[in-house]
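These notes are about the structure you will find just below.
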Amino acid sequence: MRKKEKLEARNNLIIHWQENEYEQKMNDELSKISDLHKQLEFLNEFELKYKDEVQRIPYLADASGIVTAGNPHKAGFDAMIQNKRDFIKQQMELTKPIRKKQEKEIKSLRYEHPEILDSLYEKLLGKYIHSDTSLEQFKAAFTERPIESTKPIQWIKETNLLAYFLNKEFSSQKYQYIIESCQLFKSKNGIPITASSISTALYQITANPKGSEKLDKILASIKK
């Protein structure tokens, strides 16, 4: 390998490591922010800090130049942060408040297989949803007929698994907006699940999350 190629390979490794570190920091901070507009504000500030640091470190600036040179598309961290920005904007569109008339009509999620809710409740109770969840409370969250003063269902697994479940079963509905406006779920730590927290969890799922295979089997078994 020629000296130039060795230098290029070294620089690529440096920028790859640096980008991964920045991406982790970025995702960690974004996960603490529930408001989508504030997420965008943070992203803009974070990008400026990153670019400033790159310019102040010669070898990092050189590496960035090598990675992006001749590439018609953005590369490296620039691409990561732009993809994240685009994703947040998409979620903002999806979660925009709907018209007041529609708002009154939406009372909860609408499960397309209401006949299996009893079985689904039994399978999830104590394993995915807290054992103090009543069947009446559970059905209210999925039939558009919420009972008076229904308390949120506590999801006792990771939020990314809830996001996976909701996206799988309610993708045709504005489920992110609905779970926030109707306050349908809270996390295992007792924190209300928001549209933003679901969006962040979905973005971070690069493959089926841990535990999704079991959940898929449960859904498949009761839909037979």
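General remarks:
- When the Cα gyration tensor is reduced to axis lengths a ≥ b ≥ c, the ratio a/c stays below 1.5 for the stretch 100-222, which is therefore classed as rounded.
- The overall shape of the stretch 153-210 is oblate: from the C-alpha gyration tensor, with semi-axes ordered a ≥ b ≥ c, the ratio a/c is 1.5 or greater and a/b is no larger than b/c.
- Placed amide H near ILE129: partners under 5 Å, 5+ positions off or other chain: ILE156
- Note, ³J(HN,Hα) from phi for the stretch 161-169, Karplus 6.51, -1.76, 1.60, rounded to Hz, x at Gly and Pro: 6, 5, 4, 4, 4, 5, 5, 6, 9
FYI, it's all coordinate maths here, none of it is from the lab. Every value quoted in this text rests on a predicted model; they were computed, and no experiment measured them.
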